[in-house]
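**Q** Sharing a structure with you now.
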Amino acid sequence: MPLCILAAGKASMIAAAMFTLSWTHSVEKVQWQESWRVEADRLRLAEARVKGSGAGMEPGDGAILQDGWWVWVPDLAPQPRLLLGASGATVSGWTLCADGRCLELGASASAPIELSPCAP
């Protein structure tokens, strides 16, 4: 099932079963990544990675250190959608990568960006 993105009043679709979200933590300035799967009518968090630890970004239970990243599988129920804040006041926006292509989302102030499985 493809992923639908609603940003700045425009809808777009990415035909990918998996995608990665990455961003730089606004306080600690450390990279964070999450890998997500599009499953039927939900999004499932498959893995999380963080390049360090600090304020509000402690590695999750069972995290292991791999190539400088703390990596773990979060215990989170599948989500119907993700809302990404876009204040424009943080270090960076969000980077969404799927099938070798990446998009930057939320780098400037706007309404939240919505990610969800596309309706059939």
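**Q** Can you name the condition, by its number, that Cys97 falls short on among (1) modelled with pLDDT of 95 or more; (2) more than 14 Å from the chain's Cα centre (by Cα); (3) closer than 16 Å to Ala16 by Cα?
**A** Evaluating Cys97 over (1) modelled with pLDDT of 95 or more; (2) more than 14 Å from the chain's Cα centre (by Cα); (3) closer than 16 Å to Ala16 by Cα leaves (2) as the failure.
**Q** Mind listing whichever residues of the stretch 14-32 are assigned to a strand (DSSP E or B), of a type in the set (A, V, I, L, M, F, W, C) and at pLDDT below 95?
**A** Listed by number, the residues that qualify are Ile14, Trp23, Trp32.
**Q** Looking at the stretch 33-43, can you tell me whether even one residue there is modelled with pLDDT of 95 or more, of a type outside the set (D, E, K, R) and surrounded by fewer than 17 Cβ atoms within 10 Å (Cβ to Cβ)?
**A** No, there is no match, as no residue in the stretch 33-43 is modelled with pLDDT of 95 or more, of a type outside the set (D, E, K, R) and surrounded by fewer than 17 Cβ atoms within 10 Å (Cβ to Cβ).
**Q** If you scan the stretch 19-42, which residues turn out to be under 14 Å from Ala98 (Cα atoms) and in contact with a Phe, Trp or Tyr (Cβ under 7 Å, 6 or more places away or on another chain)?
**A** Result: Phe19, Leu21, Ser22, Trp36.
**Q** If you take just the strands (runs of 3 or more DSSP E) that sit entirely in the stretch 70-120, which of them hold at least 1 residues that are surrounded by 13 or more Cβ atoms within 10 Å (Cβ to Cβ) and of a type in the set (Ser, Thr, Tyr)?
**A** Result: 94-98, 113-117.
**Q** Then there is this: Among the residues of the stretch 51-69, what is the count of those that are surrounded by 13 or more Cβ atoms within 10 Å (Cβ to Cβ), modelled with pLDDT of 80 or more and under 18 Å from Thr24 (Cβ atoms)?
**A** 3
The values are calculated or read from the model by the stated rules, or taken from the named source; none is laboratory data. Remember, predicted model here, so these are calculated numbers, not experimental data. Methodologically, a virtual Cβ is constructed for each residue, glycine included, from the backbone with ideal geometry; neighbour enumeration extends over all protein chains shown.
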